[in-house]
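See below for the structure under consideration.
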Amino acid sequence: MIKINENVYTYDYDFKMGGGVYFPARCIIVKNNTELTLISPGPFHEAVFNQIHTLGEVKHIIAPNCFHHAYINTALRHFPQAQLYMPYTLNKKYPGKFLAEYENLLDQSQVSNLLLKQVSGHKVLSETVFFEPNSKTLILTDLIFNIEKTKNLISNIFFSLLTLKGKPKLSPLIKFTVKDKAVFFDDLREILNLDFETIVMAHGTPISSDAKATLQSAWGIDL
């Protein structure tokens, strides 16, 4: 695991797709005293489970959008005391609570010490964004990619063709499939108004320098 700051840790891995493409991916672990929240659990092996246990007790497991839930059942089996939170669209797959019920950027949320914001306008994605106020860390999943290194040549070609290699960017596949652009980008502007200094995303290198300006440029929007 990698320590981002006192409140945020990550477990990085490569998710194998078809055709030999490897997707750099990340589980984000948020620590609030001895209470832990796992955002987008990964393919943990025993050593990682042990590291997580040394950090604290897993109380919350989150599927942050409709695409990041491949390892939810494994995490639930290993941490049966944890509460699962997910988008409405996953309600037929897992028993849990819905993230939208806990969304509130203005008040402390009921999911540990995290503040939540569900991004509307893209039902297929249905992503919820998280803000950890103590460390001023913004946690995104598929709303920004920052792919600097790839595992092999095929992966490099894949991400280059998607224009996702080399700099922080909103995936064109996400951007072009937004159903309600006005609502979607209004929600992104609201996120940009948060007082964050670090961005940790599911795909690519975290951003700790000029985070707000970098994200605004990646999203291509004005405040």
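Every read-out reported here was derived from the displayed coordinates using simple, explicitly stated rules and does not represent laboratory data. Worth saying up front: this structure is predicted, and the values here are computed from it rather than measured. Reconstructed Cβ throughout: ideal geometry from the backbone, glycine too, with neighbour counts over all protein chains shown.
Using a Gaussian network model of the chain in which every pair of alpha carbons under 10 angstrom is joined by a spring, one finds that among Leu143, Leu84, Leu55 the greatest mean-square fluctuation is at Leu55.
Placing a pseudo-label 7 Å from each Cα along the Cα-to-Cβ vector at Asp14 and Asp195 gives an inter-label distance of 4.1 nm.
Placing R0 at 25 angstrom, the Cβ-Cβ distance between Phe49 and Tyr94 gives a FRET efficiency of 0.80 after rounding to 0.05. Distance from the alpha carbon centroid of the stretch 194-213 to that of the stretch 1-49 works out to 16 angstrom. Each of Phe158, Leu114, Leu138 was scored by the projection of its Cα onto the charge dipole of the chain, and the greatest displacement toward the positive side belongs to Phe158; charges sit on the C-beta of Lys, Arg, Asp and Glu. Taking every C-alpha pair closer than 8 Å and separated by at least 6 residues, the mean separation divided by the residue count of the stretch 2-219 gives a relative contact order of 17 percent.
Counting only lysines at least 8 places from Lys59 when in the same chain, those with an alpha carbon closer than 17 Å to its own are Lys31, Lys97. For the stretch 115-223, averaging the sequence separation of C-alpha pairs within contact (under 8 Å, six or more residues apart) and dividing by the residue count gives a relative contact order of 31 percent. Charging the Cβ of each Asp and Glu at -1 and of each Lys and Arg at +1, and nothing else, the dipole of the stretch 9-70 about its Cα centre rounds to 120 debye. Membrane-span-like helices in the chain (whole DSSP H runs, Cα extent of at least 15 Å along the helix axis, mean Kyte-Doolittle hydropathy of at least -0.5): 181-192. Exceedance of the 24 Å cut-off in Cα-Cα distance is limited, within the set Lys3/Lys149; Lys3/Lys92; Lys169/Lys212; Lys16/Lys165, to Lys3/Lys92. Name the shape class, rounded, prolate or oblate, that the alpha-carbon gyration tensor gives for the chain, where a ≥ b ≥ c are the square roots of its eigenvalues, rounded holds for a/c under 1.5, and otherwise prolate holds if a/b is larger than b/c and oblate otherwise. It comes out rounded by the Cα gyration axes.
Estimated from the Cβ-Cβ distance and a Förster radius of 30 angstrom, the FRET efficiency linking Lys167 and Met1 is about 0.70.
Among Ser209, Ser40, Ser126, the largest mean-square fluctuation in a Gaussian network model of the chain (Cα springs under 10 Å) belongs to Ser209. Calculate how many DSSP beta bridges within the chain are antiparallel, expressed in % of all such bridges and rounded to the nearest 5. So the antiparallel bridges in the chain amount to around 65 percent. Springs join every pair of Cα atoms under 10 Å in this Gaussian network model of the chain, and among Leu170, Leu194, Leu162 the largest mean-square fluctuation is at Leu162. Where the only charges are on Cβ atoms (+1 Lys, Arg; -1 Asp, Glu), what is the dipole of the chain about its Cα centre, to the nearest 20 debye? In total the dipole reaches around 720 debye. Taking 35 Å as R0, compute the FRET efficiency from the Cβ-Cβ separation of Ile157 and Asn33 and round it to 0.05. For R0 = 35 Å, the calculated efficiency reads 0.20.
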